[in-house]
Amino acid sequence: MAAGWAQPAGLVLLLVLLAAVVPAARADKPARGGLATVAGADESSAVFPLYGDVYPHGLYYVAMSIGNPPRPYFLDVDTGSDLTWLQCDAPCVSCSKVPHPLYRPTKNKLVPCVDQMCAALHGSLTGRHKCDSPQQQCDYEIRYADQGSSLGVLVTDSFALRLANSSIVRPSLAFGCGYDQQVGSSTEVAPTDGVLGLGSGSVSLLSQLKQHGITKNVVGHCLSTRGGGFLFFGDDLVPYSRATWAPMARSAFRNYYSPGSASLYFGGRSLGVRPMEVVFDSGSSFTYFAAQPYQALVAAIKGDLSKNLKEVPDRSLPLCWKGKKPFKSVLDVKKEFKSVVLSFSNGKKSLMEIPPENYLIVTKYGNACLGILNGSEVGLKDLNIVGDITMQDQMVIYDNERGQIGWIRAPCDRIPKFGSSLL
């Protein structure tokens, strides 16, 4: 899940709703926004360019046009959370410096506590939903693994989307207005204005677009190792016959997208650890393994290293190596490492090969560092997260219509045109 502004690779571990709900200033119903422009239209798709990288920026983000008139906002793409939210002036109690002027909601945009969307948000996060009066607004609090938090209220506003069928739609969608952030540094400008939550819950933007009949409940991303990439809603770009597919498993860790349990291999050899519960999370820059698989993998990597590499400290990541001369890219060092493989046992045997370029980075100091981290050290316990580094140069598809997750190698630095073949 997307993290605090200073550490975009961190993971949201706990989301709790405020027990006390603040009364709204007015009981105006938010404009739920019918779609006269697409009434009766077929479901279509939309594609968006992505910006950012794993290193050194630590996140991928998308530009979304929100409001009337529409204004641009940069959102951290996060398949590990449901709620989309912006830092906003409601008024702002504590906000980071962001790329664009803070979003300013109007009172008629507030979602009341009694609204079904508020009930869905509260239910998905805590299982509890209570409204003391119809005039209450829908409050929430997000807590992060790095002890940061965001306090906000649910609002609705229009999102301007250009679809593959050439139409432009402006559905009114619910999202969070975060007015009290205790995350990151208040002196540095954050790279994004908020988070784009693309999880499987009903408050997710993806689920809302499905409810409006605009796109199918399918989302995918293609993250380029060169930086950038693309994001898409709908299934027009999905290579159903060529991708590797695994059925979605019900994760013990909330609404995460999970292809189920996997066995771990390195260099074609099983590492002998018990099956790992794996989730895919674009809001995490790096990949995280629980203590046992992490230690087994590190031992296997160290036992296989040539004498050309020497372990060195590097402020970028915990485990790094230097060569006889500084590395310029992963291409300079990949031949010294072997592939990692996750073999998913959920239904058919689905393999995800992770070559060295999908688990190593080369830092500004010219060292090669392991981009798979020990999740137990950041409170993830037994959760294993496949993050951006491992999903680079692959199209990854989360198909909620068919209940499956797919992946296939792809040139992610080329934004596809509908009707053309990317692969």
| What nm value, rounded to one decimal, do you get for the distance between V312 and R409 when each label is placed 7 Å out toward the C-beta? | 3.0 nm
| message | Computing the accessible area with a 1.4 Å probe over protein heavy atoms, can you report the carbon and sulfur percentage for region 293-376? | response | 53 percent
| note | For E188 and L305, extending 7 Å from Cα along the Cα-Cβ vector and measuring point to point gives, in nm, a value of 2.7 nm
| task | Note down the magnitude of the dipole of the chain about its Cα centre, charges +1 on Lys and Arg C-beta and -1 on Asp and Glu C-beta and zero elsewhere, to the nearest 20 debye. | result | 780 debye
| said: Defining a contact as two alpha carbons under 8 Å apart and six or more residues distant in sequence, what relative contact order in percent does the chain show? | reply: 20 percent
| request: Tell me which residues come under 5 Å, amide H to amide H, from S350 once H is placed; ignore anything under 5 positions away on its chain. | output: F344
| query | So if R0 is 30 Å, what FRET efficiency would A63 and R242 give, r being the distance between their Cβ atoms, rounded to the nearest 0.05? | reply | 0.50
| field | Taking region 46-233 and dividing mean pair separation by its residue count, relative contact order in percent (alpha carbons under 8 Å, at least six apart) | value | 33 percent
| query | Can you give the extra length, in nm with one decimal, that the chain gains between E401 and N108 once fully stretched, where that is 0.36 nm per residue apart less the Cα-Cα distance? | reply | 102.2 nm
| task | Using +1 at the Cβ of each Lys and Arg and -1 at the Cβ of each Asp and Glu in the chain, identify which of Y256, C320, G406 lies farthest towards the dipole's positive end. | result | C320
| field | Between helix 291-304 and the chain: long-axis angle, C-alpha atoms, 0 to 90°, nearest 10 | value | 40 degrees
| said: Could you work out what % of the accessible surface of region 46-233 is carbon and sulfur, using a 1.4 angstrom probe and leaving DNA, RNA and ligands out of the count? | reply: 48 percent
| task | State to the nearest 20 debye the size of the charge dipole of region 37-196 about its Cα centre, where the only charges are +1 on K and R beta carbons and -1 on D and E beta carbons. | result | 380 debye
| message | Tell me the mean residue ellipticity at 222 nm calculated for the chain from its helices only (DSSP H runs of n ≥ 4, each -39500 (n - 2.57), averaged over every residue, nearest 500). | response | -2500 deg cm²/dmol
| Reachable lysines from K325, criterion Cα separation under 28 angstrom, eight or more residues apart if same chain | K302, K307, K310, K334, K335, K338, K364
| request: Please give the helix 116-125 orientation as an angle from the longest Cα principal axis of the chain, in degrees from 0 to 90, rounded to the nearest 10. | output: 30 degrees
| request: Check cross-link reach from K417 to the lysines: straight Cα distance under 20 Å, and skip same-chain residues fewer than eight apart. | output: K216
| task | Whole number in Å², please: accessible area per residue of the chain, 1.4 Å probe, ligands, DNA and RNA not counted. | result | 42 Å²
| Ranked highest first by the average count of other Cβ atoms within 10 Å around their residues, in what order do 228-241, 60-73 fall? | 228-241, 60-73
| request: Taking the Cβ of G303 as the centre, find all other residues whose Cβ is under 12 Å away and add up their charges (Lys, Arg: +1; Asp, Glu: -1). | output: +2
| message | I'd like the GluC sites (Glu not before Pro) in region 322-410 restricted to DSSP loop residues with at most 14 other Cβ atoms within 10 Å, sorted by number. | response | E401
| task | Please compute the net charge surrounding S329, taking Lys and Arg as +1 and Asp and Glu as -1 over other residues with Cβ under 14 Å from its Cβ. | result | +1
| field | DSSP-assigned coil residues among trypsin sites (Lys or Arg not before Pro) in region 304-394, each with at most 16 further Cβ atoms within 10 Å | value | K307, R315, K324, K328, K348, K349, K364, K381
| task | Would you mind calculating the gained length between R143 and D42 on full extension (0.36 nm times residue separation, minus the Cα-Cα distance), in nm to one decimal? | result | 32.5 nm
| request: Can you spot the lysines whose alpha carbon is less than 23 Å from K130's alpha carbon? Ignore those fewer than 8 places along the same chain. | output: K29, K107, K109
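The values are calculated or read from the model by the stated rules, or taken from the named source; none is laboratory data. These figures come from a predicted structure and were not determined experimentally. Every residue, glycine among them, receives a Cβ derived from its backbone with ideal geometry; neighbour counts consider all protein chains shown. The protein model used for the area step is the full one, side chains on, heavy atoms only, and it has no ligands, DNA or RNA in it. Shrake-Rupley method; radii C 1.70, N 1.55, O 1.52, S 1.80 Å.
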